1. Among residues belonging to segment 161-202 that are at pLDDT 95 or above, surrounded by fewer than 16 Cβ atoms within 10 Å (Cβ to Cβ) and β-branched (Val, Ile, Thr), point out the one that is farthest from residue 148 (Cα to Cα).
2. Every residue in segment 1-12 that is exposed (fewer than 15 other Cβ atoms within 10 Å of the Cβ) and either modelled with pLDDT of 75 or more or assigned to a loop (DSSP other than H, G, I, E, B) (or both), please.
3. State whether the residues of segment 106-114 include one that is touching a Pro at 6+ places or on another chain (Cβ under 7 Å) and either buried (at least 18 other Cβ atoms within 10 Å of the Cβ) or of a type outside the set (Gly, Ala, Ser) (or both).
4. Just give me the residues in segment 30-89 being charged (D, E, K, R) and either closer than 21 Å to residue 112 by Cα or within 22 Å of the chain's Cα centre (by Cα) (or both), in sequence order.
5. Name the residue, out of 314, 310, 364, 346, that is under 29 Å from residue 218 (Cα atoms) and at pLDDT below 90.
6. In this structure, is residue 96 closer than 24 Å to residue 208 by Cα, in a helix (DSSP H, G or I) and of a type in the set (S, T, N, Q)?
7. For a quick check of your reading of the model, give me the residue pairs whose first member lies in segment 238-251 and is within 19 Å of residue 191 (Cα to Cα), whose second is surrounded by 15 or more Cβ atoms within 10 Å (Cβ to Cβ) and small (Gly, Ala, Ser), with beta-carbon atoms closer than 7 Å and at least 6 apart or on different chains.
8. Residue check: is residue 248 under 30 Å from residue 52 (Cβ atoms) and of a type in the set (Val, Ile, Thr)?
Amino acid sequence: MLASTAVSLGTAPRLMRRRGDLGAAAGRRSWARPEAFLALVVALVYVNQVLFSVYVLRVHGGDASFIARYLPEGWFALADGPAMRGVAERFPMPESLEPSVLRVQAFLELPLVLLAYVTVLRWLDRGLYRRLARSWLVWAASFSYTFVFCAVEWDLHNPYTVDDIVIRACSAVVTPPLLWWLAGQEEDETTAPSAVRMLLFAVSVWALGHLVLTVYDTALLYNLGHLGGRLPGAVIAMCVLVGARWATSRLRPGGEAGVALSSVAGGLRWAFVVFFVPALAVRYGPNVGAPLVAAVAALAVCLVAAVCALRDALAGAGTRRIALWAVQAVAALAAGGAAGSAAVLLVTDAYYEAGLLRGAGVCLAAMVAVCALTDRWCDTPVAVGAGGGKGVRPM
């Protein structure tokens, strides 16, 4: 965990400084986006869930205890209704579906996680997404995530553990070239961090996160039987996501951004780059008995992202403007913290990640709103160019 964090902290500044040195995206394919391939991976995961259900129903009489006894509680809630039993009864050679037990998911889990990560980064900054996905950090992230997955596999040792580790190693070799190729279809451009764009980004991240958590519960934990209860929320999240991305596509390029809003957008850019490699290690740190190390790594990432973003946003600002920014920051943090806490506490979630996601999205939206409104009083805005400059005349 500490090694992956150190690698990321050491290489992020160089990546953030690189601009326009990857060549033009020749022969672009409009369908070659991480969102499309993420949807494909999710579809494959659910196809495997159906095949797994057929295998258990036909070969094990609907009893998943042959594998469930090796794993924690909360797994293997099968879809055992008339429709699924009808499919199972008509499926030829169900014994051939034995690889659907853990092994297929072992290959698909890494591309699912990495594609979701770079999808969100692409929504924030297409140029930064391209530079990150076409750097060696994508290999570092692939191996870091795979190491974590394999450690968890070994901790949950079962008859398929060795197979799963080998399969995950193969996925770690195959996935980075896919991300590299997808990023090559993108133009190296940075979009201005306008308030509307940032608010739509917050909504999009929440919606995608909700869908990913639905996939986690109903598919990655083999709980296809939970899908019926999760489906209404997933449909709402999908509609919100499609609407937010459509609205974003209708926004005109360029825009206006003040110092405070630029610092928020810059902080997100830095955080996504610095957090890329150690993300999964930090996420699973508490699960493998290293909560303190995970907290230290997460704190280091946040501090570096904040310091670098402020250095960029406040460069050239006068003393009075920096003092005004400090007041804006306090107001934005207070509003964001209050709104985010309320969003977490007012709803009870089956997974704590759902509450954190909702709280983070609401917190970001509140901070963006406060920064954008107060920037109007503190700055004389000017158009923000593709280089991602501050876009204001400091006072």
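The values are calculated or read from the model by the stated rules, or taken from the named source; none is laboratory data. Here the structure is a predicted model, which is why all the values come from computation and not from measurement. Here the Cβ is made from the backbone with ideal geometry for all residues, glycine too, and neighbour counts use every protein chain on show.
1. 174
2. Across segment 1-12, the qualifying residues are 3, 6, 10.
3. Looking only at segment 106-114, we keep the residues that are touching a Pro at 6+ places or on another chain (Cβ under 7 Å), and these are none.
Within segment 106-114, none of the residues are touching a Pro at 6+ places or on another chain (Cβ under 7 Å) and either buried (at least 18 other Cβ atoms within 10 Å of the Cβ) or of a type outside the set (Gly, Ala, Ser) (or both).
4. 33, 35
5. 346
6. No.
7. As it stands, the answer is 244/204; 244/207; 245/204, since those pairs meet every condition given.
8. no
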